[in-house]
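Asks: Let me give you the structure first, and then I'll get to my questions.
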Amino acid sequence: MKMTWSVRQLLALLTLMTTLAVSVSRQVCEHCNCQISSAEDAQAVYSMSLVCNAGTITWFGADGGVRLELTPFVHSHFRACFMAEAINTQLKISREVAHKPASSSSSTPSQSSSSSSSLSFSPRLGYKLRQLRADSEDPFSGGESEFWLEPLLTASGKSREFCQDVGPGRPLMLFLETASAQGMHGVPKVKFHYDVRKLTPESPQDPMDECRPCNTEEILDSYCSSDFVVLGQMTAASSDPSRDRSDITVAAKQVIHQREPHFFHRVKRSDPHLTGHVTVSSQCGLRPGSADMLMTGKLRLTALSFTCVTYLHEWRRIQHLLECER
């Protein structure tokens, strides 16, 4: 039977297609640095898919919850590290798991506890949702999914760094929720920073991985791919016990490359060098010294971090093997 379409029907169909396209696209944070606002819809639960390997989510008027699906362009095991800044609010970050954690036998669905909680999501029931991806192909189906939340950290102010290893082909599902506290005034705001690193069978799994020396191949690769490459000295070190991180002051005699001009800058006009600050794990035990070094690194979780550090004379020995120009 031949079907004819009226102008009104065609317009209705186009409107529906446009609505579907917008609804789906809004789930994906395509620009790595994205924003959410709870100003118009308090107590909503937002859902976002993060496809970048690094970025920041800024949540204005933080109220309710945010469900984050971290699916980076990494087709193997990966390590996701993140930290958060909670302003005028308390933030709890949990990981979505398929089964109730063993330590949460007393918890019941749809009820928060100090150990874990369970949430049921339905487009038509329960929480007030925004852009929640349904399990079926129809984004407006009445499908319901249930998962358990395993608490990872609670923060007020700036949190410590936290990392999770994830298997190949699986996303990391996180749930962020806020709660007001006595003595906190002003508009609540949350910043969630994340960084993903690919793990290979050869990748060390030791938590001291950040402190180990780089081999020749890693030094050459970091020279070509890092956000900064400098020749200089480590002139000072200070520790932050609450975050298990140390701040290393670097005096750069020569800046070979820096992605942003503010990484290393002149503090005083009379300074013969440029100054930058790099954070490392306190377990590395780095100390200031007078030795000249080649230092490479990247911007990670709002701060510079080392990729490789090697003595200048060692660098001169392998420099001829470079396959890139800076």
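Nothing in this text is a laboratory measurement; each read-out follows from the coordinates by a stated rule. Treat the numbers as computed from the prediction; the structure is a model and nothing was measured. For neighbour counting, all protein chains shown are included, and Cβ atoms are generated from backbone atoms with ideal geometry for every residue, glycine included.
Asks: Net charge near VAL196, counting Lys/Arg +1 and Asp/Glu -1 over other residues with Cβ under 12 Å of its Cβ?
Replies: +2
Asks: Just list whichever of LYS191/LYS298; LYS268/LYS298; LYS158/LYS298; LYS92/LYS189; LYS189/LYS298; LYS158/LYS268 have alpha carbons separated by over 18 Å in the model shown.
Replies: From LYS191/LYS298; LYS268/LYS298; LYS158/LYS298; LYS92/LYS189; LYS189/LYS298; LYS158/LYS268, over 18 Å: LYS191/LYS298; LYS268/LYS298; LYS158/LYS298; LYS189/LYS298; LYS158/LYS268.
Asks: Take GLU218, GLU96 and order them by how many other Cβ atoms sit within 10 Å, fewest up front.
Replies: The fewest-first ordering by Cβ neighbours comes to GLU218, GLU96.
Asks: Report ³J(HN,Hα) in whole Hz for each residue of region 262-269, in order, from the Karplus equation J = 6.51 cos²θ - 1.76 cosθ + 1.60 where θ = phi - 60°; Gly and Pro get x.
Replies: 8, 4, 10, 9, 8, 6, 10, 4
Asks: Where the centroid of each part is defined by its Cα atoms, how far is region 57-80 from region 230-283 in Å?
Replies: That distance is 29 Å.
Asks: Around CYS81, under 14 Å between beta carbons, what's the net of Lys plus Arg minus Asp minus Glu among the other residues?
Replies: +3
Asks: With the cut-off at 1.5 for a/c, could you classify region 168-326 from its C-alpha gyration tensor as rounded, prolate or oblate?
Replies: In terms of gyration-tensor shape, oblate.
Asks: For HIS75, HIS257, HIS273, HIS320, which order do you get if you count the other beta carbons within 10 Å of each Cβ and list the fewest first?
Replies: HIS320, HIS75, HIS257, HIS273
Asks: Which of MET48, MET173 comes first, and how do the rest follow, when ranked by fewest Cβ neighbours within 10 Å?
Replies: The most exposed by this proxy come first: MET173, MET48.
Asks: Here is a further query. Can you tell me the FRET efficiency between LEU322 and PHE60 if r is taken as the Cβ-Cβ distance and R0 is 51 Å, rounded to the nearest 0.05?
Replies: 0.70
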